[in-house]
Amino acid sequence: MENSRILITCPKELPQYLAQELVALGFPVIDKTIAGIETAGSLDDTMRLNLHLRTAHRVLLHLKSFTAADADDLYANAYGIEWEELIDEDEYLSVHSSVDDPSITNPLFANVKCKDAIVDRIKAKRGRRPDSGSGMTGAVVFQYWKAGKCSIYLDTSGDPLPRRGYRKVPLKAPMQETLAAAVVMATGWNGNENFINPMCGSGTLAIEAALIALNRAPAILRGNFGFMHIKGFNRGKWDDLRADAKSVAKKSLPGMIIATDNNPSAIRAARNNASTAGLEHLIKFNTCDFRETEIPAGGGIVVMNPEYGERLGRMSRLENTYKEIGDFFKQKCGGYSGYIFTGNFDLAKKIGLRPKRRMPFFNSNIECRLLEYELYEGSRRNPKL
Ligand SMILES: C[S@@+](CC[C@H](N)C(=O)[O-])C[C@H]1O[C@@H](n2cnc3c(N)ncnc32)[C@H](O)[C@@H]1O
């Protein structure tokens, strides 16, 4: 497993951000798909990837690819992998999959077949078999099976990577951590100017912005990963990687981070989440209407993720809110770059400013845009359009 294929999955539209991260970490981008990137490395490399990647969901270490006409083929091929060298008989095992094959109507059946092959093989070689179930707290195996082609991977992440460990209170309609990280990357914010996040909800954008600008490893709070349950896990190397990550993280930033929301329980949740992340001192929280948000001199980024009617909020009220966001941008945010993340393109038109850029994203399966507005200081060169 010294130079294995590694498939890193992410939400749609995030591979371009994931690719930037991989290159910065010194990993090759071998192939890019709609929701993932293939790179290469060892089991030890997966530790670095799991610790540092902000936009990834899972880091999958490739074991074997084969053609499988049915579940018996799957079993036979999976049984051929030397599982006894990878997973201890006293481990806890779970198998999950993405299956789109005519021979399988129930993906759970494919999981069971693969799990049976693994535990049967370990029992035959070691005399005992691991316990298994659906919790991803131990060794995790992933299989991808599409149109007769099957690949089996060690899922070195276990619990997916957006679960950073700081969001104890998600509140309503929170943005997923990986998506928030990509949105911050798309704004180009680096901590030197201000980062203002009215309508912050549970604080995900502000927290991810702080983690990025501080160069803090996103998974530093997590105590458990799939790779820890694979034979050969190098605890000493993991401790060194964590210590290195901590030593290069900055403690403070030149720019201010301000996060506000008019819902006091959102601000309570956001404060709690920031405090769990060890960032409470860096983010200035306030309960207020977005129009009352403090916009300090010096410029920077104002980013807002208003409701867009899919999950919360009613349309006519939202039309008015979007119009008011446009007014707020024009009247109070001169000298800043304004960003709106929304899944409703009709509502976005109510902002009344022409976007400089429209960056595509997906929020689960809802197509969204991050709209960028250049907000000029003093006389507006960008009147209602
Ligand atoms: C879609 S949520 C933001 C979710 C956030 N990105 C997160 O990750 O949790 C929209 C937020 O806007 C807030 N909001 C709605 N109208 C507001 C207003 N007039 N002023 C300030 N906040 C408002 C809501 O309380 C809600 O928390």
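The values are calculated or read from the model by the stated rules, or taken from the named source; none is laboratory data. Just so you know, these numbers come straight off a predicted model, no measurement behind them. Note that we place each Cβ from the backbone using ideal geometry, even for glycine, and neighbour counts take in every protein chain shown. SASA here: full protein model, heavy atoms, side chains in, ligands and nucleic acids out. Shrake-Rupley method; radii C 1.70, N 1.55, O 1.52, S 1.80 Å.
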Per the filter on the stretch 161-174, residues open to solvent by less than 10 Å² (accessible area, probe 1.4 Å) and either near the ligand (Cβ under 7 Å from one of its atoms) or touching an Asp or Glu at 6+ places or on another chain (Cβ under 6 Å) (or both) are Pro162, Arg164
Apart from one, (1) among the charged types (D, E, K, R); (2) away from the ligand (no atom under 14 Å from the Cβ); (3) in a helix (DSSP H, G or I); (4) touching a strand residue (DSSP E or B) at 6+ places or on another chain (Cβ under 9 Å) all hold for Arg242; the odd one out is (4)
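Counting only residues that are open to solvent by 40 Å² or more (accessible area, probe 1.4 Å) and on the phi < 0 side of the Ramachandran plot, which one in the stretch 192-232 is farthest from the ligand (Cβ to nearest atom)?
Going through the stretch 192-232, the residues open to solvent by 40 Å² or more (accessible area, probe 1.4 Å) turn out to be 192-193, 199, 215-216, 221, 223-224, 231-232.
Applying the additional criterion that residues be on the phi < 0 side of the Ramachandran plot yields 192-193, 216, 221, 223-224, 231.
Numbers: Asn192: 23, Glu193: 20, Arg216: 18, Leu221: 17, Gly223: 24, Asn224: 24, Lys231: 38 Å.
Result: Lys231.
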If you check Leu93, Leu22, Leu63, which single one turns out to be surrounded by 15 or more Cβ atoms within 10 Å (Cβ to Cβ) and over 26 Å from Gly148 (Cα atoms)? Leu22
Here are the criteria: (1) away from the ligand (no atom under 16 Å from the Cβ); (2) at pLDDT 95 or above. Tell me which single one Gly148 does not satisfy. (2)
Across the stretch 109-138, which residue is farthest from Ser98 (Cα to Cα) among those that are open to solvent by 50 Å² or more (accessible area, probe 1.4 Å) and of a type in the set (A, V, I, L, M, F, W, C)? Ala124
Name the single residue that is modelled with the highest pLDDT among those in the stretch 360-371 being open to solvent by 20 Å² or more (accessible area, probe 1.4 Å) and either within 19 Å of Val302 (Cβ to Cβ) or of a type in the set (A, V, I, L, M) (or both). Arg369
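Condition check: within 30 Å of Thr342 (Cα to Cα) and not in a loop (DSSP other than H, G, I, E, B). Does Ser98 satisfy that? Spell out how you get there, then give the answer.
Working: within 30 Å of Thr342 (Cα to Cα): yes; not in a loop (DSSP other than H, G, I, E, B): yes.
When the stated conditions are applied, Ser98 passes them.
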Which of the residues that make up the stretch 281-305 are within 14 Å of the ligand (Cβ to nearest atom), open to solvent by 60 Å² or more (accessible area, probe 1.4 Å), under 24 Å from Glu377 (Cβ atoms) and not in a loop (DSSP other than H, G, I, E, B)? Asn286, Arg291, Glu292
Identify the residue in the stretch 245-273 that is open to solvent by less than 20 Å² (accessible area, probe 1.4 Å) and under 19 Å from Ala217 (Cα atoms) and, among all such residues, is nearest to the ligand (Cβ to nearest atom). Asn273
